[in-house]
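Comments concern the structure below.
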Amino acid sequence: MENILIIAAGFITAILLGRIIIPNILIISLRKRLFDVPDERKVHKRPIPRLGGVTFFPVIVFTVCTYTAARLLTGQMNLGELSINMISELLFLIAGLTLLYIVGIADDMIGVRYRKKFVVQILSAALFPLAGLYINNFYGLFGIYEIPSFIGTPLTMLIVVFITNAINLIDGIDGLASGLSMVALSVFGVIFTHHQECILALLAFVCVGVIIPFFAYNVFGNADRGRKIFMGDTGSLTLGYILSFFAIQYCMYRGDTPWEAAGSPILTAFSVLMVPCLDVVRVVLKRARQGKGLFMPDRNHIHHKFLDMGFTPRKALVTIQIMSACFCIFTMLAVHYGINNTLVFIIDIVLWSGLNLWFDKVISKRKVNE
């Protein structure tokens with residue numbers, strides 16, 4: 001019960017801090033004219049402040065560290081929760097977030113070439129294996145179980161960079177990246193709370209808490225009154241990196257964590273991030289097939305498809321969230337009831353591909369009718 005109260009207190013504190021800081025960031029952005037300027041790819045029609053994500057990292061670190069320290073000082077924390085491995089993993093997480101936070105702010109304010117961002121992402125991704133945190137088991141997916149470290153280490157780095165960019169690239173309409181991240185973080189938070197991993201649960205719900213006031217300004221804010229803000233690369237890189245941390249944390253086989261006996265952790269972790277991850281794969285494959293640069297921006301993402309089908313940004317947001325929830329529920333239920341992991345994964349891919357083919361037909365028919 002004490003752990004639940006600490007998690008709830010951290011969650012509320014993050015909401016309050018975000019609610020205090022974001023209006024001040026709006027004022028600074030408006031005075032210094034730090035805007036996201038609209039172009040042919042973007043949905044918004046007027047310059048919008050883009051430093052909302054600056055709030056995330058300091059609030060998350062302050063809140064998690066404060067409540068963890070308070071639990072230690074009051075004797076509420078069992079020292080077993082803070083093993084050497086956990087301490088090193090959290091410290092390396094903060095180190096990686098610091099690197100991404102710096103490059104994110106630089107990109108939002110003056111712009112950073114994608115090659116430099118990519119190098120920083122690789123360096124940040126390498127910190128997890130340094131802490132001993134890497135994917136070492138596929139739990140029977142494609143018939144694979146234990147994975148040696150020389151394969152698991154680069155695979156983990158690839159997945160971290162992949163998830164980080166997936167959240168960054170899905171941030172194309174109001175509330176999409178933050179909404180998908182809130183759902184994924186909430187799922188991880190519930191899982192870790194259920195298994196009494198208080199520090200991880202606290203981190204997850206603090207992240208949800210700091211996103212909530214941003215989501216309100218981003219989705220419901222009035223741009224004409226200067227009350228609307230974007231998260232920018234600072235926010236999307238922060239959220240993507242933390243989500244990759246939770247995914248790797250949940251997937252790593254240690255032999256003593258309770259969730260390893262329940263289905264496939266790797267599919268469960270994949271299910272909450274399915275829409276942004278599969279969307280990136282689809283877009284990159286399409287760019288490669290068309291001979292375009294893999295990192296060049298375009299209008300091929302899932303939210304662009306919904307807009308091209310005639311959805312408003314708000315309706316596209318809600319529909320994509322529902323679609324993501326359906327994929328997540330199906331995958332987690334299938335894993336829970338013991339359906340073969342590989343079969344579940346293939347069904348997810350087939351469903352995703354079928355939906356995108358259907359979307360393309362709807363778009364083509366709409367263009368013909370116009």
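The values are calculated or read from the model by the stated rules, or taken from the named source; none is laboratory data. Predicted, not measured: the structure shown is a model, and the values here were computed from it. Note that each Cβ is placed from the backbone with ideal geometry, even for glycine, and that neighbours are counted across all protein chains shown. Surface accessibility is based on the protein's heavy atoms, side chains included, excluding ligands, DNA and RNA. Shrake-Rupley method; radii C 1.70, N 1.55, O 1.52, S 1.80 Å.
Structural remarks
- In this entry, residue 91 is excluded by the filter for residues that are assigned to a helix (DSSP H, G or I), modelled with pLDDT of 90 or more and surrounded by 13 or more Cβ atoms within 10 Å (Cβ to Cβ).
Residues checked against (1) over 18 Å from residue 265 (Cα atoms); (2) surrounded by fewer than 21 Cβ atoms within 10 Å (Cβ to Cβ):
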site: 123; (1), (2): yes, yes
site: 135; (1), (2): no, no
site: 147; (1), (2): no, yes
site: 154; (1), (2): yes, yes
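- Wholly within region 164-275, helices (runs of 4 or more DSSP H) carrying at least 1 residues that are touching a helix residue (DSSP H, G or I) at 6+ places or on another chain (Cβ under 8 Å) and among the charged types (D, E, K, R): 232-251
- Within region 170-181, residues that are crowded, with 24+ Cβ neighbours inside 10 Å have Cβ atoms under 7 Å from residues that are hydroxyl-bearing (Ser, Thr, Tyr) in these pairs: 171/236; 177/236; 180/324, counting only partners at least 6 apart in sequence or on another chain.
- Residue in region 193-207 that is of a type in the set (Ser, Thr, Tyr) and buried (at least 22 other Cβ atoms within 10 Å of the Cβ) present: no
- Any hit, region 299-306, residues being of a type outside the set (A, V, I, L, M, F, W, C), open to solvent by 80 Å² or more (accessible area, probe 1.4 Å), in a loop (DSSP other than H, G, I, E, B) and touching a Lys or Arg at 6+ places or on another chain (Cβ under 8 Å): yes
- Selected residue [touching a Phe, Trp or Tyr at 6+ places or on another chain (Cβ under 8 Å) and surrounded by fewer than 16 Cβ atoms within 10 Å (Cβ to Cβ)] from 315, 367: 315
- Checked against the criterion of being of a type in the set (Lys, Arg), under 23 Å from the mean Cα position of the chain (by Cα) and either open to solvent by less than 30 Å² (accessible area, probe 1.4 Å) or modelled with pLDDT of 85 or more (or both), region 68-78 has no qualifying residue.
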